[in-house]
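One structure is given here, and the rest of the page talks about it.
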Amino acid sequence: MSARVLVIGNGGREHTLAWKLAQSHHVRQVLVAPGNAGTASSEKISNIAISVSDHTALAQFCKDEKIELVVVGPEAPLAAGIVGNLTSAGVRCFGPTAEAAQLESSKKFAKDFMDRHGIPTARWRAFTKPEEACSFIMSADFPALVVKASGLAAGKGVIVANNKEEACRAVQEIMQEKAFGTAGETIVVEELLEGEEVSCLCFTDGKTVAPMPAAQDHKRLLEGDRGPNTGGMGAYCPAPQVSKDLLLKIKNSILQRTVDGMQQEGIPYTGVLYAGIMLTKEGPKVLEFNCRFGDPECQVILPLLKSDLYEVIQSTLDGLLCTSLPIWLETHTAITVVMASKGYPGEYSKGMEITGFSEAQALGLEVFHAGTTFKDGRVVTSGGRVLTITSIQENLISALEEAKKGLAAIKFEGAIYRKDIGFRAIAFLQQPR
Ligand code: AMP
Ligand code: GLY
């Protein structure tokens, strides 16, 4: 037990990564830059105040402090080239290079790539001129109703329109009113796909693909999947909608094909690859790629990883994933419910004191912090998504019941949350077959 590890980021995903890495018998200490109140509350996990965009300072810190491994949580530093910069400074860093991370940072790159490699996805066209986009929307021979900023827009750059007029209005919003800044200079107009959405992630060393159990995120703010889109209000894993056979199909026709295609194109992809998938009547189709763990999917996937995360990451970095495939807990289901600040995903207030952590812990729940900080020795809210409560049980229904007890235990003024996480899986399991 000697390694020191640095996790980059400050959300619930990063708290979960730090929590799981801290369980490794190889790991002595986990540092998180910049972290949150949750990653500063235990003996083995603490924060460091270095900006995640200052790659030179991070590399220097890693060398001075003998950091064995850096694990990057969010997409922005990956797209900004943190992996290349740290690796060339001699620091071991887990995640794709900026070039490989284009699968997430450029939707146009991802769509062109999928077409070149026969990876199933919605029909699409890219545009740099709004009038061309609108005339395409009006005359397309498929419902071209999804308008996406091609660049990174913190998960917000997608508008799903109800009709052609709304789709043209979305083009205007993105291209002329620059709702997502330069991310919307190029847009992708896409066919509306119908079905259930699932998140299929894998570890990959550039050759081998090791799928994780499928998860489902609940992106809408309100119960019943209504209301505005958010970063995600809760998730569960495994998603029973994805049978073993279907996961194998997704592995072969999507994940492995992507990793092989990147290798063939001279842009090897290593790290975590996340395919957002629509289960359509014609089969699974890719909605998007992410180049990292999902948030909040990470909070339900990693608790089911039986293997040592530090070892899985090291074998991925060594190109030896095939010799030590991760093992998953197949007997349990994990649910996570996000507690957010009143007003989220719009304007929200900060600085509300949060209580009830020890009560939730006494119930056997994991509380992963996101937008939290310390003020006068107390934990207070500092973000839209404040924390997530994860419950791991033998089935989905009891996991949800336990998570609800945690929601009752943890309190802060204006807390909002959904009590129906997993409802689609419960409906799926109740269907006659
Ligand atoms: P993305 O960031 O590309 O995954 O898009 C965000 C959300 O928009 C997805 O999670 C879907 O709910 C929705 N979405 C994106 N593309 C499509 C599509 N082609 N058809 C239907 N819904 C979509
Ligand atoms: N939960 C969706 C994402 O992380 O992009």
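The values are calculated or read from the model by the stated rules, or taken from the named source; none is laboratory data. Model, not experiment: these values are computed from the prediction. No Cβ is skipped: glycine too gets one built from the backbone with ideal geometry, and neighbour counts run over all protein chains shown.
Some points to look at:
- Criterion (more than 20 Å from residue 74 (Cβ to Cβ) and out of contact with any His (no Cβ under 7 Å at 6 or more places or on another chain)) met by exactly one of 207, 148, 156: 207
- Any hit, the stretch 116-126, residues being within 16 Å of ligand 2 (Cβ to nearest atom) and either farther than 30 Å from residue 280 by Cα or among the basic types (Lys, Arg) (or both): no
- In the stretch 329-345, the residues that are of a type outside the set (A, V, I, L, M) and over 19 Å from the mean Cα position of the chain (by Cα): 330, 331, 332, 341, 342, 343
Here is a yes/no grid of residues against (1) within 24 Å of residue 397 (Cβ to Cβ); (2) away from ligand 2 (no atom under 16 Å from the Cβ); (3) surrounded by fewer than 19 Cβ atoms within 10 Å (Cβ to Cβ):
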{"position": "188", "(1), (2), (3)": "no, yes, no"}
{"position": "191", "(1), (2), (3)": "no, yes, yes"}
{"position": "223", "(1), (2), (3)": "yes, yes, yes"}
{"position": "240", "(1), (2), (3)": "yes, yes, yes"}
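- The residue list 79, 57, 40, 33 contains one member that is over 13 Å from residue 7 (Cα atoms) and touching a residue at least 24 places away in the same chain (Cβ under 8 Å), which is 79.
- Among the candidates 130, 143, residue that is in contact with a Leu (Cβ under 8 Å, 6 or more places away or on another chain), more than 16 Å from ligand 2 (Cβ to nearest atom) and at pLDDT below 95: 143
- Residue within the stretch 137-145 that is surrounded by fewer than 16 Cβ atoms within 10 Å (Cβ to Cβ), more than 12 Å from ligand 1 (Cβ to nearest atom), part of a helix (DSSP H, G or I) and acidic (Asp, Glu) present: no
- The stretch 1-56: number of residues that are surrounded by 23 or more Cβ atoms within 10 Å (Cβ to Cβ) and of a type in the set (S, T, N, Q): 4
Each row is one residue, and each column tells you yes or no for (1) of a type in the set (Asp, Glu); (2) part of a strand (DSSP E or B).
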| position | (1), (2) |
| --- | --- |
| 173 | yes, no |
| 179 | no, no |
| 183 | no, no |
| 189 | no, yes |
| 194 | yes, no |
| 200 | no, yes |
| 203 | no, yes |
| 207 | no, no |
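- Qualifying residues in the stretch 270-300 (those that are of a type in the set (Phe, Trp, Tyr) and near ligand 2 (Cβ under 8 Å from one of its atoms)) - the one surrounded by the fewest Cβ atoms within 10 Å (Cβ to Cβ): 274
- Scanning the stretch 182-208 for residues that are more than 26 Å from residue 335 (Cβ to Cβ) and more than 16 Å from ligand 1 (Cβ to nearest atom) returns 182, 185, 204, 205, 206, 207, 208.
- Scope the stretch 272-311; condition more than 13 Å from ligand 1 (Cβ to nearest atom) and among the β-branched types (Val, Ile, Thr); matching residues: 272, 300, 301
- Only one of the listed residues (361, 314) is surrounded by fewer than 18 Cβ atoms within 10 Å (Cβ to Cβ) and assigned to a helix (DSSP H, G or I). That residue is 361.
Table: residues versus (1) of a type in the set (A, V, I, L, M, F, W, C); (2) out of contact with any Ser or Thr (no Cβ under 8 Å at 6 or more places or on another chain); (3) closer than 27 Å to residue 199 by Cβ; (4) part of a strand (DSSP E or B).
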position	(1), (2), (3), (4)
347	no, yes, no, no
351	no, no, no, no
374	yes, yes, no, yes
383	no, no, yes, no
390	no, no, yes, yes
399	yes, no, yes, no
425	yes, yes, yes, no
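- Among (1) assigned to a loop (DSSP other than H, G, I, E, B); (2) within 12 Å of ligand 1 (Cβ to nearest atom), the one test that residue 148 misses: (1)
- Test: residue in the stretch 164-185 that is more than 16 Å from ligand 2 (Cβ to nearest atom), farther than 30 Å from residue 323 by Cβ and touching an Asp or Glu at 6+ places or on another chain (Cβ under 6 Å): yes
- Meets criteria (among the acidic types (Asp, Glu), free of Cβ contacts under 8 Å to residues at least 40 places away in the same chain and in contact with a helix residue (DSSP H, G or I) (Cβ under 9 Å, 6 or more places away or on another chain)) for residue 173: yes
- Some residue of the stretch 229-238 being away from ligand 2 (no atom under 16 Å from the Cβ), farther than 16 Å from residue 212 by Cβ and not aromatic (Phe, Trp, Tyr): no
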